[in-house]
Each structure stands twice: as structure tokens, then as C-alpha cells.
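Below is one structure, written out as C-alpha cells; comments come after it.
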Amino acid sequence: MHRAGDIITLAVVLVMFVLISIAVIPDSGDSQPMVSIRTPDAQYLYPLDQDRTVEVEGLEGISIIMIQGGKARFVESPCENKTCLQTEVSHSGQYAACLPNGIMLSITGSIEGGEIDEVAF
């Protein structure tokens, strides 16, 4: 025979299991792809399918990021080596960073027609 305390404990454990499962299970891939821009002080999200130019303040000054044609990239940055200007991102999981300026941009969400490339193997 079960005591009331046992039943309550079991119910709480089941509810916690369901809540944790919902939080941990990734989305179904229906989310809109977004450009995530992280600076030392903030994070900004912009739709990948809306063209725009964004200025963000970093550790060394202002970096300019262009979102255009389903791609995002640095177009100006105050860093010395300008390596960040050579990379563009367009697929979920890709990222580009200006390390001296402390700015990172990446793509989050899913992209229709996304494919697995050789890096996944």
C-alpha cells in the first residue's frame, strides 16, 4: 500500500522530468535562422533573411556587420590584422569572430534545405 507522501513524491519527480525534458530537447528545426552578434556587453539577434547593416561597439571600437542575401559578415573592424573580414556565415552553427574587438557572430536556428557537409563526418 502506498502512502500519500510516496504518491506526492512520485508526482513531483514526474513533473520535474517532463519540465527538464522540454527544456533540453532541441527545437524541431522550424525556427527562423537568426544572426547572433555577441559583444563584451550585449547580444543582438537579427533575422538572416532581412538585409541590414549593424554597428556594434567592441573592446577596440566599432565593428560593422552586414547581413545581406542570407549571409552575414564583418565589413569593417578596428582590429589590426583584419582576419575577421575574410569570413562570412550563412548556415546554422557557423561563426566568425573579431577576437581583438571581442565580437562574435553566428547563425542560430535552422535553414530550409540545409545540408550536411564534409565537416560533419
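The values are calculated or read from the model by the stated rules, or taken from the named source; none is laboratory data. Here the structure is a predicted model, which is why all the values come from computation and not from measurement. When we count neighbours, we look across all protein chains shown, and the Cβ atoms used for this are built from the backbone with ideal geometry, even at glycine.
If I ask for residues that are part of a loop (DSSP other than H, G, I, E, B) and closer than 15 Å to ILE37 by Cβ, which ones from region 63-89 would you list?
Correct list: SER77, THR87.
Within region 56-90, which residues are at pLDDT 95 or above and either touching a His at 6+ places or on another chain (Cβ under 6 Å) or among the basic types (Lys, Arg) (or both)?
LYS71, ARG73
Mind listing whichever residues of region 21-34 are at pLDDT below 65 and either surrounded by 10 or more Cβ atoms within 10 Å (Cβ to Cβ) or outside any helix (DSSP H, G or I) (or both)?
ILE25, PRO26, ASP27, SER28, GLY29, ASP30 - these are the residues of region 21-34 that are at pLDDT below 65 and either surrounded by 10 or more Cβ atoms within 10 Å (Cβ to Cβ) or outside any helix (DSSP H, G or I) (or both).
Return yes when THR53 is polar (S, T, N, Q), at pLDDT 95 or above and touching a strand residue (DSSP E or B) at 6+ places or on another chain (Cβ under 8 Å) and no when it is not.
Taking the combined requirement at face value, the residue satisfies it.
With respect to ILE37, determine if the residue is part of a strand (DSSP E or B), closer than 14 Å to THR87 by Cα and within 17 Å of the chain's Cα centre (by Cα).
no
Go through region 53-62 and give me each residue that's in a strand (DSSP E or B) and over 17 Å from the mean Cα position of the chain (by Cα).
Within region 53-62, THR53, GLU55, GLU57, ILE62 meet the criteria.
Report whether or not GLU60 is surrounded by 14 or more Cβ atoms within 10 Å (Cβ to Cβ), of a type outside the set (Phe, Trp, Tyr), in contact with a helix residue (DSSP H, G or I) (Cβ under 9 Å, 6 or more places away or on another chain) and under 11 Å from CYS98 (Cα atoms).
Spelling it out, it is not the case that GLU60 is surrounded by 14 or more Cβ atoms within 10 Å (Cβ to Cβ), of a type outside the set (Phe, Trp, Tyr), in contact with a helix residue (DSSP H, G or I) (Cβ under 9 Å, 6 or more places away or on another chain) and under 11 Å from CYS98 (Cα atoms).
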